[in-house]
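Comments concern the structure below.
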Amino acid sequence: MDGLTLDLQILNALAALLLLLSFAMLAQRRIVRLVNLFALQGAVLSLATALLAWRTGDGQLYVSAALTLLLKVILLPWLLHRLIRRLEVYWDTEPMLNIVGTMLVGLLIVVFAFGLAQPITALASTATRSAIGIAVAVILLAFLTMITRRKAMSQVVGFLSMENGLFFGAMSATYGMPMIVELGIALDVLVAMLVLGVFFFQIREQFDSLDLNNLESLKDEDR
Amino acid sequence: MSLLDWLTQALEVIVALAAAPLFLGWINQCRAWLQNRRAPSLLLPYYGLRKLFHKDAVIATNASPLFRAAPYVVFGTMVTAAAVIPSMGTRLPFTDAADAIVLVGLFATARVFLALAAMDVGTAFGTLGARREMMIGFLAEPALLMVIFVASLITATTTLPAISERLALQELGLYPSLAFTAVAFTMVLLAENARIPVDNPATHLELTMIHEAMLLEYSARHLALMEWAAALKLFNYAGIGFALFIPWGVNMGAGPLALLASVPLLALKLALAGAGLALVETVSAKLRVFRAPEFLATAFLLAVLGLLVHLLLRAA
């Protein structure tokens, strides 16, 4: 690219890869693969963080990278896989919108996100600021993943992917959040995952399925 | 325009005409090896063409003149397309007449005539094939245009030889946008040339066929021209791919030696591309026809993402 150094080029390529993985998650029907894609997204994020740490010489970013690797590539996917096995949900039902439609909406969202990020990019002073647009796009695409899915399981993966986008946004705008905030968020996500795991069992107990449409009727007598 | 440029132009068309069946034969041979079959002769497509040219043509009684004219039109557009693609040299006198968008238009013309001819006789298979072809076409065309636009944005021109020349001369670097478009282009190539995830080129009389269904009514020299045109189309797509993604190793005005050197380099690129294509076709399963739009929407998406990513990251 026009005179960018190699490490910045690699960072940009990783950012593009993150965006691509978000789209792959949007299009994926199988929950097991969805979780694998989420783990891959975490791995790319961790790699990007480590590279940025090396570039800036910031010790805290190394800790963030290690934390991301541990939590989002190993622990959370392992928890999710275990849940999938125990709940026996391997496929999501057809999403609300068909895949082609979802992806076209996703494209519009990316255009919107890139436009939205432009003023922030103009204000930021980091070398990675051009990737802010991608971070916003990843967040909104994860949102879209949550909106178009019916099963609780894929919605949770969407939620976790949204956190990936937030993390990447913070990283590219200000070289990461303060350590204490990051640790707090990591703990939050982990606990949320554990609590949601319990929720899944309760929902299934109640409705014999993880389809969240069942939650929309408020009273028993309506059904 | 010097004599060498005209020579390059003539040589390119002749090489495309002569080598297109060979390229097809090479892909078939690679596929056979990968699938543990005994490989057919590398020259089999030539034997097929010779056999067909020696036969007497049979045409349905209710066929219109369009049916007779279509093979010549399709073959002609493919030869014209071959003249615009810089497979051996970028200084082509012919490119002033047609840029990359016209190239896409040429492919569209060929498709329209193919589909019209398939519907002309009125058999069920022909109509079915034509409809499917148009469905694939209207999805693949925007994706191909987007791929070309990304390269055009990077190089600020739409003529294919100029794009190729500027891509070859610019500083080496990681281009996520070009990587995305390369994948998108490969997907378009597979769909447009009736290769395996979308259509199976090796079978007649399968209910899911697309390209073969349109050729069922043709025989002898008409069929030979159609098959030759299909081989040329594949060759042309490979040429576009080289021009956009492997732009090195062609004569960029350096002289006769560079032109001479570009011939073995082109052969090497074709050999590698053919082997790669055979590999993709072997490892992937054929999609249901109704999944094909999804496949092509993904190609379109990748190309547009490449465009957006280029616009965003270039600003840095």
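The values are calculated or read from the model by the stated rules, or taken from the named source; none is laboratory data. Quick caveat: nothing in here was measured; it's all calculated off a predicted structure. Every residue, glycine among them, receives a Cβ derived from its backbone with ideal geometry; neighbour counts consider all protein chains shown. SASA here: full protein model, heavy atoms, side chains in, ligands and nucleic acids out. Shrake-Rupley method; radii C 1.70, N 1.55, O 1.52, S 1.80 Å.
Okay, here's what the table says:
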read-out	value
Cα long-axis angle, helix B:124-155 against chain B (0 to 90 degrees, to the nearest 10)	0 degrees
Environment charge of B:L234, counting only residues whose C-beta is closer than 13 Å and scoring Lys/Arg +1, Asp/Glu -1	-2
With every protein chain in place, region B:240-316: carbon and sulfur % of accessible area (1.4 Å)	78 percent
Point-to-point label distance, A:M179-B:I101, nm (Cα→Cβ direction, 7 Å offset)	5.7 nm
Number of partner chain Cβ atoms within 10 Å, mean per residue of B:300-313	6
Crossing angle, helix A:152-174 versus chain A [Cα axis fit, 0-90 degrees, rounded to tens]	10 degrees
Reduced Cα scattering model of region B:3-313, Debye log10 I(q)/I(0), q = 0.06, 0.09 Å⁻¹	-0.19, -0.44
Crossing angle, helix A:59-68 versus chain A [Cα axis fit, 0-90 degrees, rounded to tens]	20 degrees
Neighbour count of at most 11 Cβ within 10 Å plus DSSP loop: longest trypsin sites (Lys or Arg not before Pro)-free window in chain B	B:39-287
Lysine pairs within region B:3-313, Cα separation less than 29 Å, 8 or more sequence positions apart or different chains	5
The protein assembly as shown - accessible surface per residue (Å², probe 1.4 Å)	44 Å²
Environment charge of B:T77, counting only residues whose C-beta is closer than 11 Å and scoring Lys/Arg +1, Asp/Glu -1	+2
Under 5 Å, built H, 5+ apart or other chain: amide partners of B:T159	B:A100
